[in-house]
Every structure is written in structure tokens, then in C-alpha cells.
């Protein structure tokens, strides 16, 4: 894996990886943090779990105004490249097909239809990145990352029906990435940003499905996975696991692999092989980081510290 030289971290909370404690909503703090900096990876955000605990104005302050602070000060500081961590949640309502329709095939060409303040502010921040590229020539790459958090699923019915790791391995087929692959995508984006200039990329584990299978995976996912991965069901049966009966979307990472030179490793096949060998399917990085939570106190199923 590539290594970032002399990386510094700006965060609102002190931690072993926090160099500067402060907020991106504070322009003076951002200006000081970017002095002498060559590249920016912008991951700071209020996330979906914060919708119930924060005001819309808080989302705008952090996700929009904070991003603007970073972009403008990056231009002023002569930063050479800017990578923004966005989210597949930005696609919003476009992710859910109507009843009876095939699964949605989600590429960068799908138009976002945000369904909450999180999605609205992340797409607005993306547009600011594009404007910074067009107006100031700041190379900006946007990574729309799928699920990589280790916390439990927020859907009660899903948690009740499947073990947690079973859910996460199933999701590698269509809507999840291991954090080690997410990190490598960011490092690839840093390298390619000056050459590419501007771009949006879906970052998710490589799906095994083709576009021709969107009806089949919506109607009978288990049959399709059984055909593509003979014997996976035996590995699952040993653990009392099940495949989902249906999925409603597929994230497609083809553009990121082609244009960024990204080579994700942790897909469904890798997970099944590791499980079959009696090993944990997650990367060492994922296991080492563990669950951090989103709030100082528990506010829900995936916000426990």
C-alpha cells in the first residue's frame, strides 16, 4: 500500500492521528492548517447518523461552508490536488427502483436525487469542488464511497434476520467496500488528480454482476450468486448464514478502476475464500480500526462508541 509522507490530520476531536484540533467551519483554522500543504484529502462531514441529532444548519455549516473554506484556502495556499470523500448516499432516491422494476445499475452517470439533508449537502459540496476546478484549476477528484463502516446495520428487520458479518459479506456483492480498499482508492486519486483534473468516482467492491442480470438479481439473487460462486452456500451453511433473496441496486466501480488505476482486493470472492479457510474476511486495517461510533453517547444501533 502507498504511504503518505508527512501527513497531518485536522479534526474536532483529539486523537493519535489528529495533528490540529479544530473545525473546517473555522476559516482561520483551515488557513493555518493548510500552510505549506501540497495535497488535501477532505473526509470531514456530518453523516447520515447525525440527521437525528443535528440541525440542517449544522449540516450546511460543516458539509457545505466547511468544504468551501477548504477549497478556497487550498487555492490560496497553492495546493496541487484535492480529494473529496463523498458518498453513494448522494444518489438518494435513484437507488431504489419502483416495485417490479429491475435493480438500479449505479454508475457515475446516474443523476442524484438526494432524499435527506446529508445527501443535499454532500452533492452541494461536490458541485463546489467542480467549481474550484473550473474557476481556479484546482484538481479535484470526488470519491463516492459505499458502506465501509463496521457498525451494525440500522435496519431492524435486517439485523434480526442475519448475523452482522453475514450482512456485510453479502453487501460486498453490490454496496460495500473494505476500508483498506477505500484508503487505496484515495491514494490512487491523489496520484492521478493532476492528470485527471476533475472527476466523480464510485468506490465500492467490484460487483460480479453484469448489467444484463439486473432483473435476475432483483427476482432471485440466490440463484445468480449460486451460479457465479459454486460452493459458497456450503461455506455459508457452516455458519448458519444466508444470502439475501433480492437486492435493489448495484454500485459499479469500473470507471475508478480504469481511470485511477485502482485495484480493490476485498470483494465477495475474496471473502468466501477467506471464510472457507477459517479466516476473517475483513482486512487487517478494518479489524485494527474497529467501530468508533458517531456520537459521544449512544443514539442508535450504529452510533454506539
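Got a sec? Which of 259, 254 is over 25 Å from residue 231 (Cβ atoms) and either at pLDDT below 85 or over 17 Å from the mean Cα position of the chain (by Cα) (or both)?
The conditions single out 259.
What is the one condition in (1) assigned to a loop (DSSP other than H, G, I, E, B); (2) over 20 Å from residue 74 (Cβ atoms); (3) touching a residue at least 24 places away in the same chain (Cβ under 8 Å) that residue 59 does not satisfy?
(1)
So, residue 221, is that one out of contact with any strand residue (DSSP E or B) (no Cβ under 6 Å at 6 or more places or on another chain), crowded, with 18+ Cβ neighbours inside 10 Å and under 26 Å from residue 274 (Cα atoms) or not?
yes
Across the stretch 193-213, what is the number of residues that are surrounded by fewer than 20 Cβ atoms within 10 Å (Cβ to Cβ) and part of a helix (DSSP H, G or I)?
Summing the residues that are surrounded by fewer than 20 Cβ atoms within 10 Å (Cβ to Cβ) and part of a helix (DSSP H, G or I) in the stretch 193-213 gives 6.
Does any residue of the stretch 150-165 turn out to be buried (at least 22 other Cβ atoms within 10 Å of the Cβ) and assigned to a helix (DSSP H, G or I)?
For the stretch 150-165, residues buried (at least 22 other Cβ atoms within 10 Å of the Cβ) and assigned to a helix (DSSP H, G or I): absent.
Looking at the stretch 111-122, can you tell me whether even one residue there is closer than 23 Å to residue 29 by Cα, touching a helix residue (DSSP H, G or I) at 6+ places or on another chain (Cβ under 8 Å) and at pLDDT 95 or above?
Yes; the residues of the stretch 111-122 include at least one that is closer than 23 Å to residue 29 by Cα, touching a helix residue (DSSP H, G or I) at 6+ places or on another chain (Cβ under 8 Å) and at pLDDT 95 or above.
In the stretch 9-42, how many are in a strand (DSSP E or B) and out of contact with any helix residue (DSSP H, G or I) (no Cβ under 7 Å at 6 or more places or on another chain)?
Looking only at that region, the number is 2.
For residue 255, all conditions in the list (1) in contact (Cβ under 8 Å) with a residue 60 or more places away in the chain; (2) buried (at least 18 other Cβ atoms within 10 Å of the Cβ); (3) assigned to a helix (DSSP H, G or I) hold save one; what is the number of the exception?
(2)
Residue by residue, here is whether (1) over 24 Å from residue 146 (Cβ atoms); (2) at pLDDT below 95; (3) touching a strand residue (DSSP E or B) at 6+ places or on another chain (Cβ under 6 Å); (4) not in a loop (DSSP other than H, G, I, E, B) holds:
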site	(1), (2), (3), (4)
44	no, yes, no, no
53	no, yes, no, no
76	yes, no, no, yes
86	no, no, yes, yes
99	no, yes, no, no
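State all residues of the stretch 133-143 that are assigned to a helix (DSSP H, G or I) and either out of contact with any strand residue (DSSP E or B) (no Cβ under 6 Å at 6 or more places or on another chain) or at pLDDT below 95 (or both); if no residue qualifies, say none.
If the condition is that a residue be assigned to a helix (DSSP H, G or I) and either out of contact with any strand residue (DSSP E or B) (no Cβ under 6 Å at 6 or more places or on another chain) or at pLDDT below 95 (or both), then 134, 135, 136 are the ones that fit.
Looking at the stretch 289-296, is at least one residue at pLDDT below 95 and more than 18 Å from the chain's Cα centre (by Cα)?
yes
Can you tell me which condition residue 207 does not meet? The list is (1) touching a strand residue (DSSP E or B) at 6+ places or on another chain (Cβ under 8 Å); (2) under 20 Å from residue 163 (Cβ atoms), and all the others hold.
Among (1) touching a strand residue (DSSP E or B) at 6+ places or on another chain (Cβ under 8 Å); (2) under 20 Å from residue 163 (Cβ atoms), residue 207 violates only (2).
Looking at the stretch 87-111, I want the residues that are without any contact (Cβ under 8 Å) to a residue 60 or more places away in the chain and have a partner that is in a helix (DSSP H, G or I) with Cβ atoms under 6 Å, at least 6 apart or on another chain. Which pairs are those?
So the pair list comes out as 87/122; 89/119; 90/119; 90/122; 90/123; 92/119; 110/91; 110/94.
Residue pairs, Cβ under 6 Å, 6 or more apart or interchain, first in the stretch 213-234 and touching a residue at least 60 places away in the same chain (Cβ under 8 Å), second assigned to a helix (DSSP H, G or I). List them.
As it stands, the answer is 217/224, since those pairs meet every condition given.
The values are calculated or read from the model by the stated rules, or taken from the named source; none is laboratory data. Remember, predicted model here, so these are calculated numbers, not experimental data. Methodologically, a virtual Cβ is constructed for each residue, glycine included, from the backbone with ideal geometry; neighbour enumeration extends over all protein chains shown.
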